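Participant: This is the structure I want to talk about, given as structure tokens.
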Amino acid sequence: MKLVVGLGNPGRKYEGTRHNIGFDVLRKLAESVTEKPKSRFDAELVDASLGGDRVILLAPQTFMNRSGSSVVAARDFYKLENSSVLVICDDFALPLGKLRFRRGGSSGGQKGLGDIITRLGSQEIPRLRVGISPPPDNWDVADYVLSKFRKDEVAEVEQSINRAAQAVVDWIRHGTEYCMNQYNAN
């Protein structure tokens, strides 16, 4: 069993924002699942079969900076190792649409990932970072990540969401190392 966590902020106000790309990838993964999301662990949860394995898709509803409490509750309930948890989050240090897998490491300033690392007590948590491009020079980072994608970016964002969803299925089937080789170079 795997736990796939998509990071974002709940509510209509945040739909379509750069910070919610983790939620968008989960939504794409859940398209083939007939089950409706359940509320559990302060999250929306979908129990799915992807890549031949049982997968829990978890979208914490605690707001980005407190995502860890939801992840810990789900991980502990399902008795999973940290290596069976994949966190999907935005990364403004990456060009728009670029994907990057990591086995672990620091949060890189991503506050949701930072809270998960703190609460799980380890940096060794697989993650998939989805590039949202750097903020323009005169933008505050918080304002930028909470902004919506521009119209000229939407097609590329949709393509990266589709690619990230396929990357998650590859992670379930083949693991982090395989995905690092497949996706990090492109």
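Participant: In the structure displayed, which of K36/K148; K28/K98; K13/K148; K38/K148; K111/K151; K13/K151 lie more than 20 Å apart, Cα to Cα?
Facilitator: Where the Cα-Cα span goes over 20 Å, the pairs concerned are K36/K148; K38/K148; K111/K151.
Participant: Can you say what percent of the DSSP beta bridges in the chain, counting only those with both residues inside, are antiparallel? Round to 5.
Facilitator: Just about 55 percent of them are antiparallel.
Participant: For a label point 7 Å from the Cα of V33 along Cα→C-beta, name the residues of region 144-186 whose backbone N is under 13 Å from it.
Facilitator: Those under the cut-off are 169.
Participant: Using the per-residue mean of other Cβ atoms lying within 10 Å as a proxy for protection, in what order, highest first, do the peptides 52-62, 140-150 fall?
Facilitator: Listed from highest to lowest mean packing, they are 52-62, 140-150.
Participant: Which entry in (1) 19.4, 72; (2) 15.0, 46; (3) 16.5, 58 matches Rg and Dmax of the Cα atoms in Å derived from the coordinates of this structure?
Facilitator: Of the labelled values, this structure produces (2).
Participant: Moving on. State in Å² the accessible area per residue of region 21-87; use a 1.4 Å probe, count heavy atoms of protein chains only, and round to the nearest integer.
Facilitator: 48 Å²
Participant: Let's see if you can work this out: charge +1 on each Lys and Arg Cβ, -1 on each Asp and Glu Cβ, no other charges. What is the dipole magnitude of region 22-61 about its Cα centre, in debye to the nearest 20?
Facilitator: Magnitude of the dipole: close to 60 debye.
Participant: With a cut-off of 8 Å between alpha carbons and a minimum separation of six or more residues, what is the relative contact order of the chain in percent?
Facilitator: Worked out over the chain, it gives 27 percent.
Participant: Based on Cβ point charges of +1 for Lys and Arg and -1 for Asp and Glu, what charge dipole magnitude is obtained for region 1-153 about its Cα centre, in debye rounded to the nearest 20?
Facilitator: 160 debye
Participant: Something else about it: Tilt of helix 21-30 relative to the longest C-alpha principal axis of the chain, in degrees (0 to 90, nearest 10)?
Facilitator: Tilt relative to the chain: about 50 degrees.
Participant: Taking all protein chains in place and a 1.4 Å probe, what share, in percent, of the accessible surface of region 24-74 do carbon and sulfur account for?
Facilitator: Of the solvent-accessible surface of region 24-74, carbon and sulfur hold 46 percent.
The values are calculated or read from the model by the stated rules, or taken from the named source; none is laboratory data. Being a predicted model, the structure only gives us computed values, none of them experimental. Note that we place each Cβ from the backbone using ideal geometry, even for glycine, and neighbour counts take in every protein chain shown. Side chains included, ligands, DNA and RNA excluded: accessible areas come from the protein's heavy atoms. Shrake-Rupley method; radii C 1.70, N 1.55, O 1.52, S 1.80 Å.
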